[in-house]
Structures are given as C-alpha cells and as structure tokens.
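Read through the structure below, which is laid out as structure tokens, and then see the notes.
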Amino acid sequence: MSRKTELRRKQIIKAAYQAVADKGYETVTLQDIANYADVSKGVPNYYFLNKEDVLAHLLEEITERIYQKEKAAVENETSFEEMLQAYINAVFVNPQDNEKFYKVYLDFLAQATRNERYREINARFYQNCFSISQLIIMRGESEGLLNSKNHDDDGKAMRSLIDGYMIQWLMTGDHQKHRTYKESCLKAIQTYLTS
C-alpha cells in the first residue's frame with residue numbers, strides 16, 4: 001500500500017469515527033463520512049468496499065489502538081498496584097475521549113449481534129483486554145497479594161467491571177462524575193481480586 005493510500009484511508013477512518021460519534025451508526029452515511037473527511041462522495045468508495053467496510057476498519061483501528069495504549073501503560077509498571085492503577089488510568093482517560101469512544105463502541109456492539117465481522121473484531125479486542133488483566137493478576141500472585149483460582153475468569157471479571165463502570169458513568173451524562181466512577185471502579189476491582 002502506498003503512503004498516499006495509507007494516509008487517505010486513515011483520513012477516512014478518522015472522519016468515520018467523528019461522524020459515528022456525532023450522528024450514530026444507524027444514520028451515518030458514506031456521504032457523511034466523505035463530508036467529515038472533506039473529500040468527494042466517491043473517495044470512500046475508492047478506498048473501501050462500502051460503509052460497512054469503512055466502519056469495520058474503524059472498529060479494528062480504535063480497538064487495536066486502545067489495546068496497545070493500555071498494554072504499554074501496564075508493561076511500564078513493576079508492581080501489582082502500579083500496574084492496576086496504570087490500567088485504570090489508561091482506560092479512564094478523560095470524560096471527553098471516553099464519552100466519544102463509548103458512544104461509538106456501544107453502537108458497534110449493537111451491530112455485532114448481527115454482524116459476524118464486527119463480532120470477530122470485538123472478540124479479538126476482549127481477548128487482548130483479558131491478556132492485560134491476566135498480566136496484572138499474575139503480578140499480584142507473584143507478590144503474594146492474590147490467589148486467583150482462574151486467570152481467565154478473573155480477567156473477564158476485571159474488564160466487565162471496567163466496562164460496567166464506564167457505561168454507568170456515560171449514562172449519568174455528567175463529566176464531573178468521571179473521576180468518582182474511575183475511583184469506584186479501581187476499588188471494586190481491588191476488592192474482587194483480593195477477596
């Protein structure tokens with residue numbers, strides 16, 4: 001793929017992210033994506049098969065980028081407590097970014113129940129998230145702080161708590177409560193893992 005093609009594809013995917021965040025998955029069109037990218041209507045069709053293809057690439061890109069950021073944050077720490085805190089900090093970035101991502105991501109999850117490609121992308125994302133949780137759990141075990149009976153189940157529970165708290169915060173519509181939900185999420189995970 002040429003550098004120009006790669007840049008154009010990234011421009012369209014970035015525009016699609018903003019378009020879905022603003023308009024929602026169901027109503028966004030290729031024309032909207034072209035408008036957000038400031039290109040003619042035919043440009044997205046030149047680089048992608050159709051709207052679903054653009055949005056599948058968008059889902060792949062945003063979930064991979066988030067995973068890499070969260071993984072790097074955890075790998076830069078050396079203790080269980082630091083790794084867990086870094087993970088929560090990497091997830092609960094700030095109200096604006098979290099609101100935008102989860103609005104888009106929840107739209108995709110609604111589609112994934114009927115779209116195999118989206119379901120596969122999401123499954124990879126969650127496998128990656130579980131691997132981060134398992135690193136943290138293993139570090140806690142090596143420090144004698146945890147005694148996990150099942151790394152897989154505990155990793156899934158950690159991510160469930162994270163997403164649950166994030167969605168609850170999102171539904172409040174109150175950016176001021178972001179820090180409170182972040183702190184509550186951290187405490188819930190600590191309680192779950194150490195009980």
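The values are calculated or read from the model by the stated rules, or taken from the named source; none is laboratory data. What you are looking at is a predicted structure, and each value in this text was computed from that prediction instead of being measured. Please note: Cβ atoms are built from the backbone with ideal geometry, for glycine as well, and neighbour counts cover all protein chains shown. With ligands, DNA and RNA removed, areas are computed over all heavy atoms of the protein, side chains included. Shrake-Rupley method; radii C 1.70, N 1.55, O 1.52, S 1.80 Å.
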ask   = Given Cα pairs under 8 Å that are at least 6 residues apart, what percent is the relative contact order of segment 25-148?
value = 24
request  = Using only Cα atoms, locate the centre of segment 149-164 and the centre of segment 56-79, then give the distance between them in Å, rounded to an integer.
outcome  = 17
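About the Cα centre, and with charges only on the beta carbon of Lys, Arg (+1) and Asp, Glu (-1), how big is the dipole of the chain? Nearest 20 debye, please.
580
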request  = Pop a pseudo-label 7 angstrom from the Cα along the beta-carbon direction at both Lys103 and Ser160 and give the gap in nm to one decimal.
outcome  = 2.9
request  = Could you look at segment 94-195 and say what percent of its accessible area is carbon and sulfur, using a 1.4 Å probe and all protein chains?
outcome  = 49
inquiry  = Rolling a 1.4 angstrom probe over the protein chains, ignoring ligands and nucleic acids, what is the accessible area of Glu82 in square angstrom, nearest 10?
reply    = 80
remark   = To the nearest 0.05, the calculated FRET efficiency linking Met138 and Tyr192 through their beta-carbon distance, R0 being 22 Å, is 0.85
remark   = Sparse-neighbourhood loop hits (trypsin sites (Lys or Arg not before Pro), segment 99-195; DSSP loop; Cβ within 10 Å at most 10 others) -> Arg114, Lys149
ask   = Does segment 1-90 come out rounded, prolate or oblate by the C-alpha gyration tensor, with a ≥ b ≥ c the root eigenvalues, rounded set by a/c under 1.5 and, if not, prolate when a/b is larger than b/c and oblate if not?
value = prolate
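First measure r as the distance between the Cβ atoms of Asp53 and Asp174, then evaluate 1/(1 + (r/R0)^6) with R0 = 41 Å and state the FRET efficiency to the nearest 0.05. Could the numbers behind the result be given before it?
Details: r = 36 Å, r/R0 = 0.88.
It comes to 0.70.
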ask   = Calculated from DSSP H runs of 4 or more alone, at -39500 (n - 2.57) each and per residue, what is the 222 nm mean residue ellipticity of the chain, nearest 500?
value = -27000 deg cm²/dmol
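In what order, largest first, do Leu186, Leu135, Leu84 sit by accessible area if the probe radius is 1.4 Å?
The ordering from most to least exposed comes out as Leu135, Leu186, Leu84.
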query = Where a ≥ b ≥ c are the square roots of the eigenvalues of the C-alpha gyration tensor, would you call the chain rounded, which needs a/c under 1.5, or, failing that, prolate if a/b is larger than b/c, or oblate?
reply = prolate
Solvent exposure of segment 100-195 as accessible area per residue, Å², 1.4 Å probe = 53
